[in-house]
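The values are calculated or read from the model by the stated rules, or taken from the named source; none is laboratory data. These numbers were taken from a predicted model, which means no experiment stands behind them. Quick reminder, even Gly has a Cβ in these numbers, built from the backbone with ideal geometry, and neighbours come from all protein chains shown.
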Amino acid sequence: MSDIIGRCYGETSPTKVEFVSKTVPAVNEYVYLEYAGKTVMGIIDNLLRGSFTLSDDLLNEDTIGKIVEIEGQNDQYIRGVVTILGDLEKLEIPRTPAPIGTEIKRATIEQLSTLFSSHEGIRIGTVLSQPEVEVKLDVNKMVSRHLGILAMTGAGKSNATSVIIDELLELGGTILVFDMHSEYGKTVFSNGDKKEIAPKINPRDLNIPEFKKLCNVSDGATNQEKYLRDAYDVARALSKEGKGNNFVEDMISFCLNKANELENAETKNRSHIDAVNQISFKLEDMLRKYGSILDSTNVSDIVDVIEVGKVNIIPLSSLGETATDILVKHVLNEILYRRKNFMTTGKGKTLDFPIFNIIEEAHILASQRRPTRSKEVIGRIAREGRKFGVGLCLVSQSPKSLDSESLSQLNNLIILRLVEPSDQAHVQKSSESLSEDLLKKLPSLNVGEAVILGQMTKVPTMVKIDEFKGRSIGNDLDILGLWQSAKREKEERKKQQKRDLIDMGL
């Protein structure tokens, strides 16, 4: 027998239905209505409890208590609002509103399984209101249409990200994580292997536009660009012949030799001498600023060493913000360029497998307020990546600081607890699928609970995300335990020093 919750009353619309009930359903519970020959799914968005006897103007507490004691629960009713999700078969919003009196029934496990777990995909968790129903995400749509994982600190972003990585590994996915806090290198994934990649760029893998930006050579400085190109060509030729030492140092040596040659020429051209000296100085300055990522010519090309079927991790905690920006821009540029080559001409450097790029603390690199080198390529991948198998996942604890253009291109969102109104407003402004009803639920979510919406799921839903099965990451430090441990160690050292002094007869 069907589990009837209540019946429609008042005015109904194709998207909203009010109902009245004498049972007590729950907010966020899934329901269905049957009319016009279809089974129409919905979700309870709001509930109010009232009394037939107790009117709003009855303000005497003792009187209310006596009436409730006499009438009990029999005098009370429940009014609620159901948001229509669409018919069960195609999830199309009906063209006509439900007739008054239509029964509101609690959704069955079979119906919910059809909505959330019938397709092939990765498991992210269970329906919050019905934990026996698992929620699966469509991998193709998640990767090709990009993903945002947004939440306040401590709400469960790292756990959600780790669950997704582990599930993708089980399917043979290739993932690249830009690990801002070097957390994932300590993680053990149960469904696959990981590979750490040193955060280094071999200078010989930089192209002329990248050298120009790193050396601050403007587009109008034609003489400086000429000698930068000449130095680059000479260093590259030496590298191919196996005669070079350090790529940038070879470029600097060329500039110094060229400046000396121009100084000793019969006809001196001061503008060219100044230009080549400027390039020499700027290359040295580049090494001083960015030596942390450009200090070796013995490292392999980062994109070349990415391994298919693994989670590849670039730990970035040792780098400054500028060096991180440069490295991320270079790697993402190369990935997109090589995937384009593979999908189109097949010429030049190619990458022959799709890749899902996860950027932690994405608001630093794709900032709403500050220009960064990597923001442009992040935005380009958000717009074009789906055509070439370059997926993007932006993880942020400060959504309001995340570039709105990039955020608007993320067609899938996992939003955990968000309390700050400015964060909520920024996300809603950038996302067409985040309704006012869902927005109101974000502050009340517990740790590990999330609103999931977008093309990777058939309907927006509230989910209890699974706990990551591998080694936990991103948890708060046990400050009290660390203090106590440090104190015990200090006291033990003092005792040992006293024992040593006694043994020495002092």
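The table for this structure:
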quantity: Pair list, Cβ under 9 Å, 6 or more apart: the range 401-416 residue within 16 Å of residue 358 (Cβ to Cβ) and among the hydroxyl-bearing types (Ser, Thr, Tyr), other residue surrounded by fewer than 24 Cβ atoms within 10 Å (Cβ to Cβ) and modelled with pLDDT under 90; calculated: 406/430
quantity: Some residue of the range 41-52 being modelled with pLDDT of 85 or more, small (Gly, Ala, Ser) and surrounded by 10 or more Cβ atoms within 10 Å (Cβ to Cβ); calculated: yes
quantity: Qualifying residue in the range 281-290 (condition: among the basic types (Lys, Arg) and loosely packed, with under 14 Cβ neighbours inside 10 Å); calculated: yes
quantity: So residue 413, is it of a type outside the set (D, E, K, R), modelled with pLDDT of 90 or more and within 30 Å of residue 133 (Cα to Cα); calculated: yes
quantity: Meets criteria (out of contact with any Leu (no Cβ under 7 Å at 6 or more places or on another chain), aliphatic (A, V, I, L, M) and at negative phi) for residue 395; calculated: yes
quantity: Residue, nearest to the chain's Cα centre (by Cα), within the range 127-156, restricted to residues that are buried (at least 20 other Cβ atoms within 10 Å of the Cβ) and among the β-branched types (Val, Ile, Thr); calculated: 149
quantity: From 256, 228, 238, 169, residue being outside any loop (DSSP other than H, G, I, E, B) and within 30 Å of residue 414 (Cα to Cα); calculated: 169
quantity: Pairs where the first residue, in the range 269-294, is farther than 29 Å from residue 319 by Cα and the second is among the hydrophobic types (A, V, I, L, M, F, W, C), C-beta under 7 Å, 6+ apart; calculated: 269/262; 272/262; 273/259; 273/262; 276/255; 276/259; 276/262; 277/259
quantity: All positions within the range 75-98 that are at negative phi and part of a loop (DSSP other than H, G, I, E, B); calculated: 88, 89, 90, 92, 93, 94, 95, 96, 97, 98
quantity: Enumeration of residues in the range 241-253 that are more than 17 Å from residue 284 (Cβ to Cβ) and part of a loop (DSSP other than H, G, I, E, B); calculated: 242, 243, 244
quantity: Checking residue 101 against (1) on the phi > 0 side of the Ramachandran plot; (2) modelled with pLDDT under 90; (3) small (Gly, Ala, Ser), the condition it does not meet; calculated: (2)
quantity: Selected residue (only one of 451, 447, 419, 427 is among the β-branched types (Val, Ile, Thr) and either closer than 20 Å to residue 43 by Cα or in contact with an Asp or Glu (Cβ under 6 Å, 6 or more places away or on another chain) (or both)); calculated: 451
quantity: Residue match in the range 176-185 (condition: assigned by TED's automatic domain parsing to the domain that holds residue 396, assigned to a helix (DSSP H, G or I) and surrounded by 14 or more Cβ atoms within 10 Å (Cβ to Cβ)); calculated: yes
quantity: Residue count for the range 16-48, restricted to those that are assigned to a strand (DSSP E or B), of a type in the set (A, V, I, L, M, F, W, C) and over 18 Å from residue 438 (Cβ atoms); calculated: 5
quantity: Sole residue being surrounded by 15 or more Cβ atoms within 10 Å (Cβ to Cβ), at pLDDT below 85 and either under 23 Å from residue 186 (Cβ atoms) or assigned by TED's automatic domain parsing to the domain that holds residue 374 (or both), chosen from 448, 481, 474; calculated: 474
quantity: Residues of the range 418-445 satisfying the condition of being at pLDDT 85 or above and of a type in the set (Ser, Thr, Tyr); calculated: 422
